[in-house]
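Beneath this line is the structure, given in structure tokens, with notes to follow.
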Amino acid sequence: MSQTSQKPRSRRRWLPAFLGPGLLVAATGVGAGDLATAGFAGSKFGYAVLWAIPVGALVKLVLTEGLARWQIATGRTLIEGIGERLGRWLLWVFLLYVLYWCFFVGAALITATGVATHALLPMPTDFGVFDSPAQAGQVVYGVGLSMVGLLVAWLGGFRVFERVMGVCIAVMFVTTLTAAVLARPDWSGVVRGLVIPTIPEGGLVWTVALMGGVGGTVTILSYGYWLRESGRDTPEHYASCRVDLTVAYAATALFGVAVAVLATGVETSGRGLTLIQSLGDHLKERLGAGPRLIFLLGVWAAMFSSLLGVWQSAPSMIADTLDRLVPAKGGADRPQRRRWRYRVPLLLLSTVPIAQVFGSFKQAQLLYAVTGAAFIPMVALVLLLLTTRRQWIGNRWVTRGAGRALLAIALVASIAFASNQLWRLFS
């Protein structure tokens with residue numbers, strides 16, 4: 001084994017699964033859409049639909065585990081596998097898709113992070129330029145934190161990113177769970193909602209949205225790149241990867257359940273971060289300013305960690321795709337983060353979507369959700385094709401009966417979610 005793969009293992013021997021790439025992917029995948037969907041479903045249907053959140057997390061776990069198994073077995077990312085086994089033309093489709101996705105996800109994350117920061121530290125003035133102090137906070141804070149994300153990715157490297165994300169993850173989970181406990185929910189109702197699947201009248205759309213909205217979409221591809229950077233993409237790390245992903249998606253489900261529990265019984269007509277802010281106000285009325293501050297701090301950490309993760313991983317996807325389509329003539333042996341195929345997309349991702357920040361957050365978020373939702377069925381189908389062929393992945397790693405059934409279920413569930421998002425867009 002190389003020194004590169006040994007170093008992360010020795011450094012993390014005492015806690016190999018709980019601080020692995022899985023939690024980084026989970027935190028990246030929990031964005032404004034996840035929070036708003038869980039919050040609105042909890043507000044409208046209470047505990048009855050809680051079971052859909054762990055089911056959705058399980059779907060993402062199955063897909064990400066398949067991605068990890070492919071990379072560990074072959075030494076190739078999923079994008080490399082698509083190019084080699086399924087056709088380079090699919091990479092052109094993916095490249096166009098991910099560029100389109102980056103614009104909307106960038107706009108949604110910059111806006112969401114700005115709004116979440118303004119909720120914590122209200123902007124006192126509109127500077128005579130914006131329509132209100134709230135819009136000033138949305139733009140100024142959002143653009144400023146986008147630049148912070150740019151600097152972390154450009155200058156800091158993976159280790160710095162990992163440490164910053166570790167802090168955000170701790171804040172995000174601890175504060176949200178603390179707020180949920182302080183809200184004193186009906187714990188027997190919570191347990192029933194988790195273990196007894198029910199769909200309330202008029203709740204089918206939001207139940208499907210909960211299943212599909214947990215744990216990210218395109219961002220699950222990040223796992224392969226962060227496995228490689230952490231030196232954990234070799235066969236001896238497979239068992240720890242499975243534990244890593246199980247812990248990560250369990251934490252994601254717990255986070256979503258906590259938000260839905262907080263929203264139960266709250267009367268609100270808001271959508272997006274407006275709903276999240278109203279939950280904070282509700283906590284303040286019931287329990288005081290402290291719980292509200294705790295909850296909003298967790299929301300901020302969720303937004304900022306998602307921004308950091310996308311700024312780190314999306315340029316890797318683009319650079320990987322370009323390397324397959326247009327092989328570099330020189331400098332291919334340099335670390336990816338030092339190459340312009342990574343840095344140009346990073347620069348564009350952190351700046352170009354700023355133009356959308358002045359527009360409607362609701363529309364940006366909806367387009368982001370729809371473009372992301374459409375991706376998950378493609379991943380499920382690709383994994384079914386790649387990981388079920390022994391000659392491609394090897395007899396040890398091939399997906400067998402139970403795994404194929406889980407991937408097929410994930411494919412059907414993700415198609416239902418994508419259809420649901422399209423219906424919401426055009427209804």
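The values are calculated or read from the model by the stated rules, or taken from the named source; none is laboratory data. What you are looking at is a predicted structure, and each value in this text was computed from that prediction instead of being measured. Positions of Cβ are backbone-derived with ideal geometry, glycine not excepted, and every protein chain shown enters the neighbour counts. Side chains are part of the model used for accessible areas, which takes the heavy atoms of the whole protein and leaves out ligands, DNA and RNA. Shrake-Rupley method; radii C 1.70, N 1.55, O 1.52, S 1.80 Å.
If residue 122 satisfies every condition in (1) surrounded by fewer than 16 Cβ atoms within 10 Å (Cβ to Cβ); (2) modelled with pLDDT under 90; (3) not β-branched (Val, Ile, Thr); (4) not in a helix (DSSP H, G or I) but one, which is the exception?
Result: residue 122 passes all but (2).
Please go through the stretch 218-254 and give me each residue that is aromatic (Phe, Trp, Tyr) and touching an Asp or Glu at 6+ places or on another chain (Cβ under 8 Å), ordered by number.
225
Could you say whether any residue in the stretch 279-299 is open to solvent by 10 Å² or more (accessible area, probe 1.4 Å), more than 19 Å from residue 255 (Cα to Cα), outside any helix (DSSP H, G or I) and not polar (S, T, N, Q)?
Yes, some residue in the stretch 279-299 is open to solvent by 10 Å² or more (accessible area, probe 1.4 Å), more than 19 Å from residue 255 (Cα to Cα), outside any helix (DSSP H, G or I) and not polar (S, T, N, Q).
From the list 184, 163, 159, pick out the single residue that is open to solvent by 30 Å² or more (accessible area, probe 1.4 Å) and outside any helix (DSSP H, G or I).
Just one listed residue meets the conditions, 184.
Kindly evaluate residue 140 against the criterion of being open to solvent by less than 40 Å² (accessible area, probe 1.4 Å), assigned to a helix (DSSP H, G or I) and touching a residue at least 12 places away in the same chain (Cβ under 8 Å).
no
Which numbered condition trips up residue 80, out of (1) within 30 Å of residue 327 (Cβ to Cβ); (2) modelled with pLDDT under 90?
The failed condition is (2).
Of everything in the stretch 187-210, what is open to solvent by 50 Å² or more (accessible area, probe 1.4 Å) and among the aliphatic types (A, V, I, L, M)? Give them in sequence order.
Within the stretch 187-210, 191, 194, 195, 196, 199, 204 qualify.
With within 22 Å of the chain's Cα centre (by Cα) and more than 17 Å from residue 319 (Cβ to Cβ) as the only criterion, which of 61, 96, 86 stands out?
Step by step, each of 61, 96, 86 is checked, and only 61 is within 22 Å of the chain's Cα centre (by Cα) and more than 17 Å from residue 319 (Cβ to Cβ).
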